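To start, the structure under review is shown below, and the notes come after it.
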Amino acid sequence: MSLFSAFRIAGSGATAQGQRLNVVASNLANADSAAGPDGQTYKARHVVFEATQAREALGAGAQGVRVRQVTTDESAPRRLHDPKHPMADAQGYVSLPNVNVAEEMVNMISAARSYENNIEVMNTARSLLQKTLQLGNN
């Protein structure tokens, strides 16, 4: 596998993790909202990755990653008893998003570290390419 392949593979990973970070940020931003812009209770979203066969130039077995889809969590919303809330139902309960803040924070840390690791791979490949070019100049 060439160093250019490493750029492509790490780049695909960084792009996918960036999308994952955006979904996590959306989940966290809406974790305590009673209703979204459409008037409905926000539902948590999750990223599903898939391995992709990279271009033939990468060589046999070289793969990248991409976001296959962003799924919506269809589990029941959290229910909070707050009869004074303007969106409370007849029993005094408010439906809140099914976002688990602790789980999303762990997901955010994992995505951020994966993103950083992919960037580090690209920086290492760049450094190796620069050293290779310097050898050619001597």
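Considering only residues of the range 18-75 that are in a strand (DSSP E or B) and β-branched (V, I, T), which is modelled with the lowest pLDDT?
Top of the filtered list is T52.
For the range 76-93, enumerate the residues that are open to solvent by 100 Å² or more (accessible area, probe 1.4 Å) and small (G, A, S).
The answer is A90, and nothing else.
Test A112 against the criterion of being modelled with pLDDT of 95 or more and in a helix (DSSP H, G or I), and give yes or no.
yes
From V101, V121, V106, grab the single residue that is in contact (Cβ under 8 Å) with a residue 40 or more places away in the chain and loosely packed, with under 13 Cβ neighbours inside 10 Å.
When all the criteria are applied, what remains is V101.
Taking the options Q53, Q40, name whichever one is within 30 Å of S127 (Cβ to Cβ) and surrounded by fewer than 17 Cβ atoms within 10 Å (Cβ to Cβ).
Q53 is the lone residue from the list that is within 30 Å of S127 (Cβ to Cβ) and surrounded by fewer than 17 Cβ atoms within 10 Å (Cβ to Cβ).
The values are calculated or read from the model by the stated rules, or taken from the named source; none is laboratory data. Because the structure is a prediction, the values reported are computed rather than measured. Quick reminder, even Gly has a Cβ in these numbers, built from the backbone with ideal geometry, and neighbours come from all protein chains shown. Accessible surface areas use protein heavy atoms only, side chains included; no ligands, DNA or RNA. Shrake-Rupley method; radii C 1.70, N 1.55, O 1.52, S 1.80 Å.
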